[in-house]
Structures are given as structure tokens and as C-alpha cells.
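The values are calculated or read from the model by the stated rules, or taken from the named source; none is laboratory data. Only a predicted model underlies this, so the values are computations on that prediction, with no experimental measurement involved. A quick note on method: Cβ atoms are made from the backbone with ideal geometry, for glycine too, and the neighbour counts reach across all protein chains shown. With ligands, DNA and RNA removed, areas are computed over all heavy atoms of the protein, side chains included. Shrake-Rupley method; radii C 1.70, N 1.55, O 1.52, S 1.80 Å.
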Amino acid sequence: MPTPLELQIKTLPNSPGVYQYFDKEDVIIYVGKAKNLKKRVSSYFTKNHENGKTRILVKKIVRIEHVVVDTETDALLLENNLIKKYKPRYNILLKDDKSYPWICIKKERFPRVFSTRRVIKDGSEYFGPYTNMKTVHALLDLIKELYPLRTCNYDLSQEKIDAGKYKVCLEYHLGNCKGPCEGFQHEDNYLEYIRAIRNIIKGNFKESLERLQQMMLDFAAEMKFEEAQKIKDKLASLQNYQAKSTIVNPSINNVDVFSIISDETHGYANFFKVMNGSIVQSYTTEIKKKLDETDKELLELFIIETRNRFNSLSREVYTPFKVDLGENIKVTVPKLGDKKRIVELSERNAKYYRMEQFKQIKIVDPDRHVKRIMGQMKKDLRLSVEPRHIECFDNSNIQGTHPVAACVVFKDGKPSKKEYRHYNIKTVEGPDDFASMKEVVFRRYKRLLEENQPLPQLIVIDGGKGQLSSALKSLDVLGLRGKIAIIGIAKRLEEIYYPGDSVPLYLDKKSESLKIIQYLRNEAHRFGITFHRNKRSKSAIQSELEQIPDVGKQTITNLLRKFKSAKRIKEATLEELKEVVGLSRAQKVYQYYQKEKE
């Protein structure tokens with residue numbers, strides 16, 4: 001007999017709709033939409049889910065409810081409303097408790113224009129909401145400069161104006177208002193201003209620009225140059241504002257633009273509203289993933305929620321890839337030209353927002369920053385675990401002299417310098433990088449095993465396939481193959497090699513994973529070269545002192561311990577040398593350098 005849950009799944013309709021999953025406490029834990037309810041819900045119980053949270057969700061499902069709807073659009077809206085209402089644990093919730101500012105054109109005689117955060121349904125016109133108060137202030141300042149409007153809240157009925165109930169205030173004398181309260185400005189003239197203001201708020205500057213241009217020419221023709229200059233200044237202000245807001249072709253009108261970029265844990269989505277070629281609204285936010293959602297799923301949710309929040313009635317949206325928004329909204333994926341450029345601009349905004357978030361997180365929440373970086377490296381490098389502990393090896397020999405090697409250690413993506421190690425190559429004669437790498441890797445991990453020290457999750461070998469296979473031989477001998485991930489990085493093209501795979505992996509040149517590997521490689525190289533240089537210079541000093549007849553190694557060691565360098569030994573007096581190595585040896589050293597000076 002099938003269980004009640006299996007029975008529910010078998011009897012689901014092949015229709016578009018919304019499904020709700022309940023746990024044993026009869027609490028909604030997930031809400032989803034589907035073009036085909038039966039197919040979508042069945043897939044949860046028949047697939048092997050890679051994502052751990054999805055597997056846990058499926059285990060917790062005890063009961064399913066569904067609602068059949070007519071269209072995909074209805075499914076999208078119903079899903080969004082149910083998520084907001086019930087806040088299920090496994091659903092993404094776009095949290096936003098802020099109240100956004102609007103620009104209001106008040107429904108009254110001689111309408112006032114002002115900003116507000118409260119929308120009152122009294123017949124007034126509201127434009128917005130705006131995501132940035134700076135934009136609202138800039139618009140209102142421009143409107144005030146171009147069109148003198150009243151700011152008082154008097155009831156300017158014709159009867160009260162005729163009765164002389166009001167007197168003009170300071171705003172009139174400053175030229176910021178034309179005094180409709182005393183009948184100095186006719187209502188038709190005032191409403192012309194309101195019509196022009198409405199167009200400017202919507203991003204349509206053409207009419208105002210033409211009108212101001214004509215007024216300026218009329219004043220100039222009448223020799224009223226002072227008034228013409230005032231209009232010219234207003235014209236410049238409007239053109240300046242337009243230049244800042246116009247991004248694309250003016251033919252792009254009443255369109256919403258959406259884009260998203262994401263990493264392992266979060267998505268970063270951007271929204272533009274475009275009117276007459278001007279971006280009149282912009283909004284970017286971070287979305288926390290719950291069930292390893294795809295960019296398509298995140299963007300669909302963001303579009304529906306954002307259009308709902310900002311009361312968008314645009315019939316067309318531009319996106320970087322195809323999304324399902326139902327039959328009432330036209331989805332365009334631009335391929336070239338101005339439309340493509342505005343989608344790219346939206347993506348750039350999302351990227352910059354992501355970078356800003358990372359910088360802030362690095363300061364405020366370093367643990368989350370490390371977890372994100374490690375998660376990204378695990379994914380990029382195809383590892384089974386996060387590489388919290390990485391070790392990188394580099395060989396340094398110049399013309400085959402003094403072969404040395406370096407091992408650098410990174411913990412949580414940062415250098416752990418106290419754990420860096422230098423190695424003198426002992427078993428290899430001459431310049432043999434492969435044999436040197438084999439020796440050093442063996443010595444390093446033999447010691448860690450003997451001392452019961454923690455092993456790294458990742459070994460990085462500075463070199464290509466040859467160096468990697470040499471290191472692997474040592475891991476085989478130690479029985480560590482398969483227990484530690486190991487990769488080789490070739491210098492020229494930043495190719496990353498894996499054991500048994502002749503085809504290298506190429507990471508995105510801007511990826512953080514590649515940057516950390518490059519940092520590791522450069523640090524190993526720097527550390528190895530420094531050791532190599534010191535060793536060579538010490539050798540050069542000793543070989544110079546060895547030229548002195550009848551002076552042995554112990555005498556040279558004692559002199560260097562005291563004087564630190566051959567130069568200081570050369571400059572020392574006989575008395576100073578005598579104190580260190582006795583009179584007989586001191587005379588030999590002193591006379592050798594005296595002859596050199598002659």
C-alpha cells in the first residue's frame with residue numbers, strides 16, 4: 001500500500017500551480033511554483049539531490065498541498081504572496097523593511113509637489129518608490145529651480161482667494177512662488193507647470209527643454225537679456241540633470257532591466273527602471289541561497305518581488321538570460337546595441353555591489369568571508385572538502401648550485417609564516433627538479449605523519465605535469481594518495497594540472513581561487529629564492545676566506561661568528577683578530593689581507 005504522501009504525489013494534476021510542503025508539526029516549510037505540478041513535485045522524491053539542505057527538506061516532508069492556477073503569471077504571484085505570508089524555512093525571503101520615499105503631486109487646487117514615505121489613497125499622484133533619497137532631493141531641487149510652486153498648505157479655493165483670505169509669504173518675495181494665494185498666478189498656468197513636472201519625473205525631458213529654449217529666444221528677441229539669462233541657467237540645469245540620468249537610446253521607454261551574479265552562498269541582483277532612455281530608478285540587493293538555487297530561480301523571484309514592491313506596470317523586461325514570467329510580460333534577452341549595453345550596466349552594478357559587500361563582510365564578519373572564499377575554492381578546484389590548510393612547494397636552484405626548496409603554508413586563505421619551511425636538497429646531485437620535488441614532499445609528510453601533525457587538505461606544486469607526478473610518487477610511498485588533494489600550477493598560462501588528467505583546468509583570471517593559488521606560488525618562490533640567495537652569499541664568503549693559507553674551517557667559523565662578514569674581517573686590526581683566534585692564526589689572516597692591499 002502506498003503511503004499517504006506517495007498517494008498525494010500520484011494524484012497531483014499535470015497543471016500549472018503552487019505546491020506547499022508541510023512537516024510533522026504541520027508547519028509550511030517550503031512553497032514552490034510549477035508549470036506541471038505532478039512532474040515538479042515528483043522530481044523531489046525521485047532525484048538524488050547533491051545539495052545537503054534539499055535532502056534534509058525532502059526527509060522532513062509529511063504532507064503536500066497544492067493550488068491549481070490558470071497561468072504561470074498567477075503561479076508566480078501566488079508563490080510570492082505565500083512566501084511573504086508564511087516565511088517558510090527553506091524559501092528565499094527578500095527581506096526589506098525600509099519604507100522608500102515617493103514624490104507626491106497632491107490632489108488639490110494648485111497642487112503641491114513634495115517627498116513622502118506614506119502613500120495615502122486620496123487621488124494624489126505618487127511616483128516611485130525611489131531607492132535613494134539623493135535622487136529625490138536632486139529631482140525636487142531641479143523642479144524648484146525650473147518651476148516656482150507653492151509650499152503652503154492653504155485651501156486655495158477660488159472663493160477664499162477672491163475674499164482676500166490669504167497674503168503672499170516670503171517665498172513669493174524670494175521668487176520661489178508666483179503668489180496664487182492672492183490670485184497673482186492663474187490656475188491654468190500653474191497646471192502647465194505640473195504637467196511639465198510630471199514629464200520630468202517620468203524621465204521625459206523633451207517638452208521642458210523645447211519650452212525653455214523657446215522662452216529664452218523670445219526674451220532675447222525682446223532685448224530682455226536678464227530674463228533670457230535666467231532661462232538659460234534653468235535650461236543648463238535641466239540638461240545637466242538629463243546628462244547624468246540618460247544612459248541609453250531615448251527610444252528605450254518604459255522597460256525594466258534585471259540582472260544577477262552569484263557565488264556559492266548568495267546572489268546579487270540589480271533592477272533598473274528605464275523611461276525615455278533615462279534610468280529613473282535603480283535598486284540592488286543581496287539574496288541568501290537556501291537550497292542551492294540557480295541564477296534563473298533567484299532572478300525570477302527577484303523580478304516578481306521587485307516589480308510588486310515598486311509598482312511597476314512595464315510590459316517588457318530585459319534580462320541577461322531567458323526567464324519564465326508568464327504570458328503577460330515580454331522577456332527580451334538583448335544580443336547587441338544599446339539594449340545589450342544597459343543589461344551589461346545592470347550586471348556591472350550587481351558586481352560592484354557584491355565587491356562592496358565582500359569588503360564590508362571582511363571587516364565586520366571575517367568568518368563568513370573565509371567560509372565564502374573556501375567554498376568558492378572547493379567548487380572551482382573540484383575538491384571534496386574546503387582547503388582550509390594548503391601547502392605549496394617550490395624548488396630553487398640557479399645553474400645547479402646549492403639546490404634548495406621551500407614549503408609555504410596557508411591557513412584559511414592567509415599565510416601562516418611561522419609554519420614555512422626551508423629544505424636543503426640532500427639526495428640529489430646536480431639540477432634535477434623532479435627528483436628534488438620528490439625528496440622534499442617525502443621529507444615534509446613523513447615528518448608530519450611521525451609527529452602526528454595535521455595534514456593539509458590541498459597540496460600545490462609549482463610546476464606542470466612532471467613536477468606533479470614526482471610529488472605523487474612520494475605520496476604513494478607514504479600511503480597518502482587520495483587522502484590529500486594535490487594539483488600542479490604551470491607558470492606560463494596558469495594551467496592547473498590534476499593527477500591522471502592530461503587536460504589542464506583554466507580558472508577565470510579574475511577569480512579569487514586563482515588569486516590565492518598565485519599568492520601561494522609567489523610566496524613559495526619568494527621564500528625559496530631568499531633562502532637560496534643567503535646560502536649562495538654565505539658560500540661565497542666562506543670560499544674567499546678559504547683562500548687564506550693554513551686557516552681551517554673552524555677558524556673561519558669563529559671569525560664569521562664574531563665579525564659577521566668577510567669585509568669586516570678584512571678591516572679588523574691584528575689585536576681584534578687575536579682576541580678571537582689567537583696570535584698565530586690572527587697574523588696569517590692579517591698578513592693575507594695586507595698583501596692584498598699592497
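Annotations for the structure displayed:
- Some residue of region 528-543 being polar (S, T, N, Q), at pLDDT 75 or above, over 30 Å from the mean Cα position of the chain (by Cα) and open to solvent by 80 Å² or more (accessible area, probe 1.4 Å): no
- Pair list, Cβ < 9 Å and 6+ apart or interchain, from region 21-37 residues that are more than 12 Å from Glu79 (Cα to Cα) and hydroxyl-bearing (Ser, Thr, Tyr) to residues that are assigned to a helix (DSSP H, G or I) and open to solvent by less than 50 Å² (accessible area, probe 1.4 Å): Tyr21/Val41; Tyr21/Tyr44; Tyr21/Leu57; Tyr21/Val58
- Top-ranked residue of region 110-134 - restricted to ones that are modelled with pLDDT of 75 or more and on the phi > 0 side of the Ramachandran plot, ranked as least open to solvent (accessible area, probe 1.4 Å): Phe110
- Flag: Ile161 matches the condition of being of a type in the set (A, V, I, L, M, F, W, C), part of a helix (DSSP H, G or I) and over 52 Å from the mean Cα position of the chain (by Cα).
- Tally, over region 128-167, of residues that are among the charged types (D, E, K, R), free of Cβ contacts under 8 Å to residues at least 60 places away in the same chain and under 25 Å from Met275 (Cβ atoms): 3
- The conditions of being over 16 Å from Gly528 (Cα atoms), open to solvent by less than 50 Å² (accessible area, probe 1.4 Å) and either at pLDDT 85 or above or of a type in the set (Lys, Arg) (or both) are not met by Leu449.
Residue by residue, here is whether (1) more than 18 Å from Glu293 (Cβ to Cβ); (2) part of a helix (DSSP H, G or I) holds:
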site: Lys24; (1), (2): yes, no
site: Tyr30; (1), (2): no, no
site: Arg40; (1), (2): no, yes
site: Phe45; (1), (2): yes, yes
site: Ile56; (1), (2): no, yes
site: Lys59; (1), (2): yes, yes
site: His66; (1), (2): yes, no
site: Asp70; (1), (2): yes, no
site: Asp74; (1), (2): yes, yes
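- In the set Gln242, Gln229, only one residue is open to solvent by 50 Å² or more (accessible area, probe 1.4 Å), modelled with pLDDT of 85 or more, within 25 Å of Ile200 (Cα to Cα) and out of contact with any helix residue (DSSP H, G or I) (no Cβ under 7 Å at 6 or more places or on another chain); that residue is Gln229.
- Just one of the numbered conditions (1) within 16 Å of the chain's Cα centre (by Cα); (2) surrounded by 15 or more Cβ atoms within 10 Å (Cβ to Cβ); (3) in contact (Cβ under 8 Å) with a residue 40 or more places away in the chain is not true of Val317: (1).
- Candidates Asn91, Asn81: the one that is more than 30 Å from His186 (Cα to Cα) and either modelled with pLDDT of 80 or more or β-branched (Val, Ile, Thr) (or both) is Asn91.
- Neighbours by Cβ (under 9 Å, 6+ apart or cross-chain): first from region 497-512, more than 16 Å from Gln376 (Cβ to Cβ) and buried (at least 16 other Cβ atoms within 10 Å of the Cβ); second basic (Lys, Arg) and at pLDDT 75 or above: Tyr497/Lys465; Tyr498/Arg382; Pro499/Arg481; Pro504/Lys465
- In a residue-by-residue description of region 335-352, the property of being over 24 Å from Ile252 (Cα atoms) and not aliphatic (A, V, I, L, M) applies to at least one position.
- Filter result for the condition that a residue is more than 26 Å from Thr284 (Cβ to Cβ) and open to solvent by 20 Å² or more (accessible area, probe 1.4 Å), over His173, His137: His173
- Some residue of region 462-471 being within 15 Å of Gly528 (Cβ to Cβ) and not charged (D, E, K, R): yes
- Hits in region 386-445 (condition: open to solvent by 60 Å² or more (accessible area, probe 1.4 Å), more than 30 Å from Ser511 (Cβ to Cβ), modelled with pLDDT under 85 and hydrophobic (A, V, I, L, M, F, W, C)): Ile398
- Residue that is modelled with the lowest pLDDT, among those in region 265-310 that are open to solvent by 20 Å² or more (accessible area, probe 1.4 Å), in contact with a Phe, Trp or Tyr (Cβ under 9 Å, 6 or more places away or on another chain) and under 14 Å from Leu325 (Cα atoms): Arg307
- Of all residues in region 144-168, those that are within 19 Å of Ser237 (Cα to Cα) and modelled with pLDDT of 80 or more total 4.
- Within region 33-63, the residues that satisfy the criterion of being in contact with a Phe, Trp or Tyr (Cβ under 9 Å, 6 or more places away or on another chain), at pLDDT 80 or above and either buried (at least 18 other Cβ atoms within 10 Å of the Cβ) or closer than 30 Å to Ser384 by Cα (or both) are Lys33, Ala34, Leu37, Arg40, Val41, Tyr44, Thr54, Ile56, Leu57, Val58, Lys60, Ile61.
- Only one of Glu25, Glu6 that is under 22 Å from Lys85 (Cβ atoms) and surrounded by fewer than 17 Cβ atoms within 10 Å (Cβ to Cβ): Glu25
- Selection status of Gly17, in contact with a helix residue (DSSP H, G or I) (Cβ under 6 Å, 6 or more places away or on another chain), crowded, with 17+ Cβ neighbours inside 10 Å and farther than 30 Å from Tyr190 by Cβ: yes
- Residue list for region 140-160, filter: open to solvent by 60 Å² or more (accessible area, probe 1.4 Å) and closer than 20 Å to Ile200 by Cβ: Asp141, Lys144, Glu145, Thr151
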